[in-house]
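Data block below; observations after.
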Amino acid sequence: MNHLLITGGVGFIGANFARYVYESHPKVQIVVLDKLTYAGNRANLTDILGGRVKLVVGDICDAPLVDRLVSKADAIVHFAAESHNDKALVNPWPFIQTNIVGTYTLIQAATKQHKRFHHVSTDEVYGDLPLSEYGSGDEGKFTPTSPYQPSSPYSASKASSDMLVRAWTRSFGLQATISNCSNNYGPYQHIEKFIPRQITNILSGRRPKLYGSGNNVRDWIHTNDHSAAIWDILTKGRIVETYLIGANGEMSNKAVLEMILQLMGQPQDAYDVVRDRPGHDLRYAIDASKLRTELGWRPQYTNFEAGLQDTIEWYTSHRSWWETSKAQVEQTYARHNQ
Ligand code: NAD
Ligand code: DAU
């Protein structure tokens, strides 16, 4: 594992993982392959680029480029994706292309060259859970054997990519693992996403926007914990296995927003209710016991309020990172009454 190819490594989670490996494993050489879409930001890695970390700007659908980079790697960790549900509902095509064709291109190269492959995926492939169980003390959660029931264009494209990886392990002997993680939060997350959108709305004098009732539940995990889990799976996980990553962080959107408002000194009702997301998944929740018992992984960021406070401080002190794109992100949302 001395040469890693990380796809999507200047996006929110890919960059966090690259940094995690860079800081905790000083012998590892990293090549990041990233197309620098609207979601990729070179600034997420600038301080560690050069030396042990190289950035190649390119597309995971470019087979000759992928073949060349895979030939130099011991393992591939695949984050690159179109990742935002609201965008997929407006234009699904880039999701089909990158998430499905891109993953196909990578696993073809990894299979031919007998390289270890880790596929980063999402809990959304399992669809959603009923809201009625939330708070009952007897809640169901997603497990690695839950049926695939994706309900949105984004989750269907990620489910497709998981299925390709699974099929390639069985039909062609691809040496792969898959992880399905819940909602990440932390610094460097694109401001189109729920938590950074609300923080930067408040910082820029706009009102936060809550979709529909705000009762939908997400299972929050700090992105540093996600990165540590992926490293454990890459280095200790059993080939062909799926591991679910989550940190028991279930909260309704309304409760998260109220916590942000309180931490930022705003009145509890200082937000707008806007058009709900079509087909909005109700609840996600992860049972990560396989990851905990088999690989000994434990989340370090167990105090969500403290993690949120740190995240608010990061966006407050990194205005130049997000301020230039804020107006355009909000204009796009406004076109869809969100
Ligand atoms: P992101 O949108 O912040 O970053 C995606 C990165 O992929 C960007 O740097 C982008 O430039 C790059 N990219 C997109 N298309 C590409 C292409 N064709 N070729 C090369 N690079 C391309 O996404 P994220 O939130 O960091 O998510 C990373 C991965 O983790 C995704 O696979 C996503 O499905 C998965 N995931 C995300 C979450 C979450 O909460 N954000 C949770 C579970 C799983
Ligand atoms: O569960 C893992 C998934 O989490 C990842 O696979 C996706 O890549 C990632 O984007 C995330 O998907 P969500 O759709 O859950 O995240 P998002 O931040 O877009 O929205 C979180 C919740 O907040 C969701 O219920 C919709 C709601 N929401 C979102 C926005 C942007 C609002 O109420 N208001 C908003 O302004």
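Some notes on this structure:
- Applying 0.36 nm per residue to the separation of S171 and Q268 and subtracting their alpha-carbon distance, the gain on full extension is 29.5 nm.
- Full extension of the chain segment joining E241 with N337 gains 30.4 nm, where the gain is 0.36 nm per residue of separation less the Cα-Cα distance.
- The Cα-based radius of gyration of region 107-166, divided by its Kirkwood radius, gives an Rg/Rh of 1.12.
- For region 84-134: rounded, prolate or oblate by the Cα gyration tensor [a/c cutoff 1.5]: oblate
- Computed log₁₀ I(q)/I(0) - Debye formula, equal Cα scatterers, no solvent, region 254-338, q 0.25 Å⁻¹: -1.25
- Entry note, the chain: relative contact order of 17 percent, from Cα contacts under 8 Å with a spacing of 6+ residues.
- 18 Å cut-off, amide nitrogen to a point 7 angstrom out along Q309 Cα→Cβ, residues in region 185-215: 186-187, 199
- From the alpha carbon centroid of region 150-199 to that of region 215-233 is 12 Å.
- The convex hull built on the alpha-carbon positions of the chain has an orientation-averaged projected area of 15.9 nm².
- Residues H114 and H280, FRET efficiency given R0 of 35 Å [Cβ-Cβ distance, rounded to 0.05]: 0.25
- Considering all different alpha carbon pairs of region 229-283, the Kirkwood hydrodynamic radius works out to 15.0 Å.
- Other residues within the sphere of radius under 10 Å centred on the Cβ of S83, judged by their own Cβ, net out at +1 (K and R +1, D and E -1).
- Cα-based Rg / Dmax (Å) for region 46-166: 17.1, 53
- Neighbour cut-off at most 11 other Cβ (10 Å), DSSP loop, trypsin sites (Lys or Arg not before Pro), region 264-338: none
- Computed with every protein chain present, the accessible area of L263 is close to 40 Å² [probe 1.4 Å].
- Rounded to two decimals, the Cα-based Rg/Rh of region 163-235, with Kirkwood Rh, is 1.15.
The values are calculated or read from the model by the stated rules, or taken from the named source; none is laboratory data. Quick caveat, the model's predicted, so the values are computed rather than measured. Counting neighbours? That spans all protein chains shown, and the Cβs are built from the backbone with ideal geometry, glycine included. Quick note on the areas: whole protein, heavy atoms, side chains included, nothing else; ligands and nucleic acids left out. Shrake-Rupley method; radii C 1.70, N 1.55, O 1.52, S 1.80 Å.
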